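*Asks:* My questions will all concern the structure given below.
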Amino acid sequence: MPSHLWQPAASYAAWAHEHAYRKDGKTPYVAHTFRVAMTVRDVFGCDDEAALAGALLHDTIEDTPVDFDDIDKRFGREVAQIVAALTKDMRLVEPEREKAYDEQLMAAGWKAKLVKLADTYDNLSDRLDQGKEGTGLRKLRIRCDRSIAIAQTEPDNELLARGIGHVRALLERADAVKP
């Protein structure tokens with residue numbers, strides 16, 4: 001395995017999300033995964049290789065044909081477990097799916113929780129930067145609150161505390177926007 005997991009993870013994420021776009025229909029989806037990884041590293045201050053690779057790959061199992069075994073083989077068990085913890089079981093109806101997702105994140109390690117904070121941070125930041133309001137913004141606020149609650153299950157982790165602080169600051173910015 002390479003000494004910098006993020007490099008092949010970035011390439012693999014770009015390949016896996018090659019034809020996918022964000023909801024705006026213009027932005028390549030992989031831009032989101034790159035921003036999540038940059039948030040983990042540059043905003044939250046975490047340079048852990050597995051966390052960065054997990055951030056880059058966090059949506060691959062859920063949104064592409066890639067599975068746990070593919071990630072495990074290419075990037076190792078730790079990265080595969082991070083990505084799996086960030087993967088919703090789409091076979092479940094939404095209320096059951098969200099409950100099961102929160103439970104698996106609570107049981108996951110701090111790296112998965114940090115990536116989840118970065119994921120919600122990026123989604124909310126992107127929405128605010130586009131000037132979009134309404135129901136979608138309210139749902140993102142709820143997701144941020146859930147991510148914070150999950151991350152708070154490890155109160156002694158400095159990186160999670162920093163991530164929580166950044167997500168809260170972004171929520172304050174969102175509160176200044178009319179609902």
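*Asks:* Report the semi-axes of the equivalent ellipsoid for the chain in whole Å, largest first, where each axis is √(5λ) for an eigenvalue λ of the Cα gyration tensor. The partial results should precede the final answer.
*Replies:* Numbers: eigenvalues 112, 69, 56 Å².
Calculated on Cα positions only, the semi-axes equal 24, 19, 17 Å.
*Asks:* Quick one: compute the contact order of segment 6-175, relative version, from alpha carbon pairs under 8 angstrom and 6+ residues apart, as a percent. Could you put the intermediate results ahead of the total?
*Replies:* Numbers: 218 pairs, mean separation 33.4, N = 170.
For segment 6-175, the relative contact order is 20 percent.
*Asks:* Here's another thing I want to ask about it. In terms of modelled amide H atoms, which long-range or inter-chain residues lie less than 5 Å from the amide H of TYR21?
*Replies:* Here TYR29 satisfy the definition.
*Asks:* Here's a follow-up. Just to verify a number: FRET efficiency for ASP67 and GLU158, C-beta to C-beta distance, R0 = 25 Å, to 0.05?
*Replies:* Details: r = 33 Å, r/R0 = 1.33.
So the FRET efficiency works out to roughly 0.15.
*Asks:* Under the rule of -39500 (n - 2.57) per DSSP H run of 4 or more residues, summed and divided by the residues of the chain, what mean residue ellipticity at 222 nm is obtained, to the nearest 500 deg cm²/dmol? Kindly include the intermediate steps, with their values, before the conclusion.
*Replies:* Working: 10 runs with 119 residues, N = 179.
After summing the helix terms and dividing by residue count, I get -20500 deg cm²/dmol.
*Asks:* While we're on this one: Order these by the 10 Å Cβ neighbour count, fewest first: ASP24, ASP67.
*Replies:* Details: ASP24 9, ASP67 15.
Arranged by neighbour count, lowest to highest, ASP24, ASP67 become ASP24, ASP67.
*Asks:* Then there's this: Going by C-beta contacts inside 10 Å, put GLU49, GLU172, GLU98 in order with the fewest on the left.
*Replies:* On the way: GLU49 19, GLU172 9, GLU98 15.
Ordered by Cβ neighbours within 10 Å, fewest first: GLU172, GLU98, GLU49.
*Asks:* To continue, here is another question. Which of TRP6, TRP15 has the fewest other C-beta atoms within 10 Å, and how do the rest follow up to the most? Walk me through the numbers on the way to the answer.
*Replies:* Details: TRP6 23, TRP15 12.
So the ranking, lowest neighbour count to highest, is TRP15, TRP6.
Values in this text are rule-based calculations from the coordinates and carry no lab data. Model, not experiment: these values are computed from the prediction. Note that we place each Cβ from the backbone using ideal geometry, even for glycine, and neighbour counts take in every protein chain shown.
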